[in-house]
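Values quoted throughout were computed directly from the atomic coordinates according to the rules given, and no laboratory measurement underlies them. If you're wondering where the values come from, they're calculated on a predicted model, not measured in any experiment. In this analysis, Cβ positions are derived from the backbone assuming ideal geometry, glycine residues included, and neighbour counts consider all displayed protein chains.
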């Protein structure tokens, strides 16, 4: 995922330094070339050997250490870096970088890096809120640094408030957003729908399906990492919502229809990956339906056809992609849906094919347009999302 990318992690003196070991490990698993810089103070919180073991690279501390491959040329590493993250960033180092002071390996290398630099403050609440620290952070923002807002909670010093370093999983998302993909979707507005809908029978029960939202969430995530401005309309799911997207949570098909109807006119690309109920109970009981002798029949009525509405109201230049989950005659049924609903593309899969369908982390899809069919092998849903978006961009350029 990050093969060929160089990530520099700059670790300063904070109790949160131990969390960066998890981040370094996660980046290494994604095949990034990870280099860790530490201040002398940081070595009091975590041993450099930890980072060297995790990354396979020497942990750099002393500017004049001649026992590493870059000799004293700190600019060599700076030139290689695709992104630098200063995490945790102490008030001291934030002040030095903001003031142009480069008096150790960490500040010298950060100062020499032309790539994107992300600063993650971590300190006592009163220190973080100090006007001088805030002024230094604002100065870094003016010079193009990205500053990650600290989390709030119980701090190591015993205080409660803002100043906690966010968890490594979130910091990884900042790095992936920056370097995983070229920003070939920058400036595009994309609407993605995902997950199931729930249609109430009574206050206790509802009708739904097996969708988990994983495919739609993967599409929203990849769009975001490729630079798009993403809106995600999602039914109820058990998975975390993607970072850095506008998420609108709905429950019913009617709520999803209204949300999509409101957002659609502003979008350049719409991808309808949600599994929306075709029918809902005609009458919803205000009280729990009690068990009785004999069978129970529930009258059903059609829900709004969101995809047809979008096809009928598609503005010029807007790209509309639907999904088709089938168990038989996949190509024929999907082509019929493509034409009937005025779609530019439809992504079809067969629930009976191993590795396709709901809940799993893989998918097996066929991408269908008016002119062609492209069948993909089994792959992760994120890899499938990349392929789908590649085809959407190709079609948009024709």
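Nearest 10 degrees is fine. How inclined is helix 20-29 to the longest principal axis of the chain, computing both from alpha carbons?
60 degrees
For residue 361 and residue 111 in the same chain, what is the full-extension length gain: residue separation times 0.36 nm, less their Cα-Cα distance, in nm?
Details: separation 250, 0.36 × 250 = 90.00 nm, distance 4.09 nm.
Full extension of this stretch gives 85.9 nm more.
Rank the residues 315, 335, 225, 280 as a footprinting-exposure proxy: fewest other Cβ atoms within 10 Å of their Cβ go first.
Ordered by Cβ neighbours within 10 Å, fewest first: 315, 335, 280, 225.
Need the full-extension length gain, residue 127 to residue 315, defined as separation in residues times 0.36 nm minus the C-alpha distance. One decimal, nm.
62.5 nm
What does the C-alpha gyration tensor say about the overall shape of segment 296-398? Classify as rounded when a/c is under 1.5, otherwise prolate if a/b is larger than b/c, or oblate.
Verdict is oblate for segment 296-398.
Within segment 248-286, list the residues whose amide N lies under 15 Å from a label point set 7 Å along Cα→Cβ of residue 304.
Hits in segment 248-286 for residue 304 at 15 Å: 249-266, 276-280.
Per-residue ellipticity at 222 nm for the chain, helices alone: DSSP H runs ≥ 4 residues times -39500 (n - 2.57), over residue total, nearest 500 deg cm²/dmol?
The helix contribution divided over the chain gives -9500 deg cm²/dmol.
Expected output is a single nm value to one decimal: the length gained when fully extending between residue 390 and residue 327, i.e. 0.36 nm times separation in residues minus the C-alpha distance. What is it?
Working: separation 63, 0.36 × 63 = 22.68 nm, distance 2.62 nm.
Here the answer is 20.1 nm.
Please report 206, 154 as a ranked list, fewest other C-beta atoms within 10 angstrom at the top and most at the bottom.
In increasing order of surrounding Cβ atoms, one gets 154, 206.
Can you divide the C-alpha Rg of segment 6-179 by 2.2 N^0.38 Å and report the result to two decimal places?
Details: Rg = 14.9 Å, N = 174, 2.2 N^0.38 = 15.6 Å.
Normalised Cα radius of gyration, segment 6-179: 0.95.
In degrees between 0 and 90, to the nearest 10, how far off the longest principal axis of the chain does helix 253-263 point, with axes built from Cα atoms?
The answer is roughly 60 degrees.
If packing is taken as the average count of other Cβ atoms within 10 Å, what order do 177-186, 305-314 fall into, highest mean first?
305-314, 177-186
How do the peptides 253-259, 187-193 rank, highest first, by the average count of neighbouring beta carbon atoms within 10 Å per residue?
Values: 253-259: 19.4, 187-193: 23.0.
Answer by packing, highest mean first, reads 187-193, 253-259.
Roughly how many Å is it from the Cα centre of segment 120-195 to that of segment 205-278, as a whole number?
Distance between centres, Cα-based: 25 Å.
Hey, for a label at residue 157 modelled as a point 7 Å past Cα toward Cβ, could you say which residues of segment 89-108 have their backbone N under 11 Å away?
Within reach of a label on residue 157: 91.
Can you work out the FRET efficiency for the pair residue 283 and residue 208, with r the C-beta to C-beta distance and R0 = 30 Å, to the nearest 0.05?
0.95
Hey, what angle do you get for helix 168-179 against the long axis of the chain, alpha-carbon based, 0 to 90 degrees rounded to 10?
The answer is roughly 90 degrees.
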